[in-house]
């Protein structure tokens, strides 16, 4: 019994440790037929007095999961893999269409509205955060994103 209490306390502490970064309005884009890639968007709020960095994202839904940003290069908008996503101290970052996002490459199955997928974010300090991300139609997610601003 004592062992179970210690294990539970350890699990709660681990979960609480990553709760300093709050995730709001996370969603993955539903895919049209035969699409092999999708993206995940969300609002990240850092409640700590120090900056945080997401250095990795993982999900079993696709063969590859990468952190991405859109950048202007030679007059054209291009999507690029980035090593990390910075979340300023006591600040927030929006992962949104046309900006930073989590890219799902080589989907193992189509993403249909109403599904949920698991995503694990890894921070530079070694902490992880497990998220359940709903899948939404592209327009539904974009309307939510635009209404938020």
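Each value in this text was obtained by applying a stated rule to the coordinates, not by laboratory testing. The structure presented is a predicted model; accordingly, all values stated were derived computationally and were not measured. All Cβ positions, even for glycine, are placed from backbone atoms using ideal geometry, and neighbour counts span all protein chains on display.
Placing a label point 7 Å from the Cα of residue 53 along the Cα-to-Cβ direction, the residues of segment 77-91 with a backbone N closer than 11 Å are 83-87. Each residue in 59, 132, 84 was given a count of other beta-carbon atoms within 10 angstrom of its own, and listing them fewest first yields 132, 84, 59. The Rg/Rh ratio of segment 19-134, with Rg taken over Cα atoms and Rh as the Kirkwood radius over Cα pairs, comes to 0.97.
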